[in-house]
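Participant: Before I ask anything, here is the structure I am working with.
The values are calculated or read from the model by the stated rules, or taken from the named source; none is laboratory data. Please read these numbers as outputs of a predicted model, since none were measured by experiment. In this analysis, Cβ positions are derived from the backbone assuming ideal geometry, glycine residues included, and neighbour counts consider all displayed protein chains. Accessible surface areas use protein heavy atoms only, side chains included; no ligands, DNA or RNA. Shrake-Rupley method; radii C 1.70, N 1.55, O 1.52, S 1.80 Å.
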Amino acid sequence: MRLHGDVSDDEEEGAVMDPALLSPSSPPAGAAAAAASRLVVGYALTKKKVKSFLQPKLLLLARKKGISFISIDETHPLSEQGPFDIILHKKTSKEWQRFLEDYHEVHPEVTVLDPPNAIEHLNNRQSMLEEVADLNLSSFYEEVCTPRQLVIMKDPSSIPTAVAMAGLTLPLVAKPLVVDGTSKSHELSLAYDEASLPMLDPPLVLQEFVNHGGILFKVYIIGEAIQVVRRFSLPDVNTYDLLNNVGIYRLPRVSCAAASADHADLDPRIAELPPRPLLEKLGRELRGRLGLRLFNIDMIRELGANDRYYIIDINYFPAEGKRNVSSRHISARVGQFNTVQVGVSSLLHYPRLAWLG
Ligand SMILES: O=P(O)(O)O[C@H]1[C@H](O)[C@@H](OP(=O)(O)O)[C@H](OP(=O)(O)O)[C@@H](OP(=O)(O)O)[C@H]1O
Ligand SMILES: Nc1ncnc2c1ncn2[C@@H]1O[C@H](COP(=O)(O)OP(=O)(O)O)[C@@H](O)[C@H]1O
Ligand SMILES: [Mg+2]
């Protein structure tokens, strides 16, 4: 299910790009742009991502800083394009991964944001959360963990036994094991009772549902920078719900960009952001462990346990698409608008070496 604000690859709405701001990939024009720039960023992104990320505001700022963005033509050898200082990409195909890795072997001086094998780690909901289990946050009062979960590869009839053996408590959130950018990989459901579990469709992850007051924190890690926003999430499940619901419920796509809760009138105990020092440590640790510089963490705080946080999802290089808000609204909320874009903009202010890390 897609809610208002989600845009698929082939939809044509969105910010209108000033073509003069984008450098084409054809060699003479690309080379001219490169010659005039201090930093050349080649990008390989889906149409949807180009619209949500490479917005005129970012391109203008980049141009002022002497940074040009060049679209990569994936049908031509990379070494015949550029030269690039940075390659920014979010493509999941194996061909692209190989293409990029082969190029990087010959051109190790080019910064690849981020390495394909590190990104791949996030394409599976089991491996995605593995690093969280090993985090060293012992100096903090707060605890950061992941919900208990179980992977089911096949044979749905075995699920009730597997759940009982693992000691998981219902209700369970069922999530497709692989996250590959398709809307299908975001089709989640909630299973209330054991008898319905064989109706699920493996391969999937079954995760214990954690009550969290209906608010989720999206923590954006952009190199050294961290931003956090509030999003509406699933409501809590109480004993009455548990006793009176049976079956598998398909969940809507919650917590997307259109579900911002930053200005909602919330109970302050629910709204309170995770402590900054905790987020900074978390960002540093995960950046190192995952080998990534552009990602976000979906985090919830257990209701009634104010010091226990659960990381439920990690996404590579997200960008909040906020195409449907007015420019007045955007400038009034620049802190919240497109956090990754703002983050990358702030990276553009860093000296070149900070980018290249
Ligand atoms: O899964 P959740 O936690 O909702 O986060 C999503 C995913 O990371 C999406 O990536 P994917 O679709 O690859 O799974 C991403 O889309 P893109 O990176 O393709 O833009 C969304 O960015 P926005 O669509 O910009 O909100 C981001 O909000
Ligand atoms: N274990 C959980 N407990 C409570 N709510 C959850 C849990 N897992 C996911 N959710 C809710 O479902 C939403 C989507 O789950 P998530 O794992 O982030 O998948 P997606 O890849 O589709 O973003 C979250 O934003 C949150 O609202
Ligand atoms: Mg998520």
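Participant: Give the residue, chosen from L78, L60, that is surrounded by fewer than 19 Cβ atoms within 10 Å (Cβ to Cβ) and over 21 Å from the mean Cα position of the chain (by Cα).
Facilitator: Being surrounded by fewer than 19 Cβ atoms within 10 Å (Cβ to Cβ) and over 21 Å from the mean Cα position of the chain (by Cα) holds for just one of L78, L60, which is L60.
Participant: Name every residue in region 131-183 that is away from ligand 3 (no atom under 16 Å from the Cβ), out of contact with any Pro (no Cβ under 6 Å at 6 or more places or on another chain) and of a type in the set (K, R), in order of residue number.
Facilitator: Correct list: R148 only.
Participant: Then there is this: Go through region 215-247 and count every residue that is more than 16 Å from ligand 1 (Cβ to nearest atom), buried (at least 17 other Cβ atoms within 10 Å of the Cβ) and either of a type in the set (V, I, T) or modelled with pLDDT of 95 or more (or both).
Facilitator: 1
Participant: So how many residues does region 224-260 have that are within 11 Å of ligand 2 (Cβ to nearest atom) and within 23 Å of the chain's Cα centre (by Cα)?
Facilitator: So the count comes out to 12.
Participant: Restricting attention to strands (runs of 3 or more DSSP E) lying wholly within region 149-218, give those where 1 or more residues are under 30 Å from D265 (Cα atoms) and within 11 Å of ligand 2 (Cβ to nearest atom).
Facilitator: Hits in region 149-218: 172-176, 189-191, 204-208.
Participant: Between a first residue in region 227-238 that is more than 14 Å from A257 (Cβ to Cβ) and a second residue that is part of a strand (DSSP E or B) and within 14 Å of ligand 1 (Cβ to nearest atom), which pairs have beta carbons less than 8 Å apart while being 6 or more apart in sequence or on different chains?
Facilitator: V228/F217; V228/K218; V228/V219; V228/Y220
Participant: A further question on this structure: Is there a residue being within 13 Å of ligand 1 (Cβ to nearest atom), of a type in the set (S, T, Y) and touching a Lys or Arg at 6+ places or on another chain (Cβ under 9 Å) anywhere in region 153-175?
Facilitator: Taking every residue of region 153-175 in turn, none turns out to be within 13 Å of ligand 1 (Cβ to nearest atom), of a type in the set (S, T, Y) and touching a Lys or Arg at 6+ places or on another chain (Cβ under 9 Å).
Participant: Take the residues in region 309-326 that are among the β-branched types (V, I, T) and at pLDDT 50 or above; name whichever of them is nearest to ligand 2 (Cβ to nearest atom).
Facilitator: Out of the qualifying residues, it is I312.
Participant: If you scan region 100-143, which residues turn out to be crowded, with 17+ Cβ neighbours inside 10 Å, out of contact with any Asp or Glu (no Cβ under 7 Å at 6 or more places or on another chain) and in a helix (DSSP H, G or I)?
Facilitator: Of everything in region 100-143, those that are crowded, with 17+ Cβ neighbours inside 10 Å, out of contact with any Asp or Glu (no Cβ under 7 Å at 6 or more places or on another chain) and in a helix (DSSP H, G or I) turn out to be L100, Y103, H104, I119, H121, L122, M128, L129, E131, V132.
Participant: Report, by residue number, each residue of region 248-259 that is outside any loop (DSSP other than H, G, I, E, B) and either at pLDDT 95 or above or open to solvent by less than 40 Å² (accessible area, probe 1.4 Å) (or both).
Facilitator: Passing the criteria: I248, Y249, R250, A257, A259.
Participant: Additional query: With respect to S185, is the statement that it is of a type outside the set (V, I, T), modelled with pLDDT of 95 or more, within 27 Å of E120 (Cβ to Cβ) and in contact with a Phe, Trp or Tyr (Cβ under 8 Å, 6 or more places away or on another chain) true?
Facilitator: Criteria not met by S185.
Participant: Output the qualifying pairs, or none if there are none: Cβ atoms under 7 angstrom, residues six or more apart or on different chains, first residue in region 174-202 and farther than 24 Å from E130 by Cα and open to solvent by 20 Å² or more (accessible area, probe 1.4 Å), second residue of a type outside the set (G, A, S) and within 10 Å of ligand 2 (Cβ to nearest atom).
Facilitator: Y192/P171
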